[in-house]
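Bear in mind these aren't lab numbers, they're just calculated from the coordinates by the rules spelled out. Bear in mind that the values here come from a model prediction, so they are computed numbers and not experimental data. Positions of Cβ are generated from backbone atoms using ideal geometry, with glycine treated the same way; all protein chains shown enter the neighbour counts.
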């Protein structure tokens with residue numbers, strides 16, 4: 001299991017021994033700064049992701065678009081949790 005973000009609050013404590021009983025399962029709590037600490041590695045990961053997007057192996061869900069002049073509306077929608085996927089501001 002990978003735990004990331006805390007939008008719903010902290011993960012409650014649990015018995016880590018259950019991971020072994022269920023088949024040597026693992027849990028990790030990655031952070032952004034761990035992954036971007038090495039500039040060269042970060043750039044390589046970005047290139048790999050860009051290639052996957054170009055090959056359409058990874059599809060980006062643009063849920064809504066706002067004109068740049070409507071940036072306040074975009075913020076209101078985000079803050080009110082009325083968005084899904086990516087939110088794009090267009091010129």
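Label-to-label distance for residue 88 and residue 46 is 2.0 nm, based on points extended 7 Å past Cα in the beta-carbon direction.
Segment residue 55..residue 7, full-extension length gain: 14.1 nm, with 0.36 nm per residue of separation and the alpha-carbon distance subtracted. Relative to the dominant Cα principal axis of the chain, helix 39-54 is inclined by about 70°.
Using the per-residue mean of other Cβ atoms lying within 10 Å as a proxy for protection, in what order, highest first, do the peptides 58-65, 19-26 fall? Write down the numbers at each step before the final one.
Working: 58-65: 10.6, 19-26: 8.9.
Packing order, densest peptide first, comes out as 58-65, 19-26.
For the pair segment 74-91 and segment 1-69, the centres of their Cα atoms are 20 angstrom apart.
With each label modelled as a point 7 angstrom along the Cα→C-beta vector, the residue 79-residue 21 pair spans 4.6 nm.
With the helix formula -39500 (n - 2.57) applied to DSSP H stretches of n ≥ 4, the chain reaches a computed 222 nm mean residue ellipticity of -10500 deg cm²/dmol.
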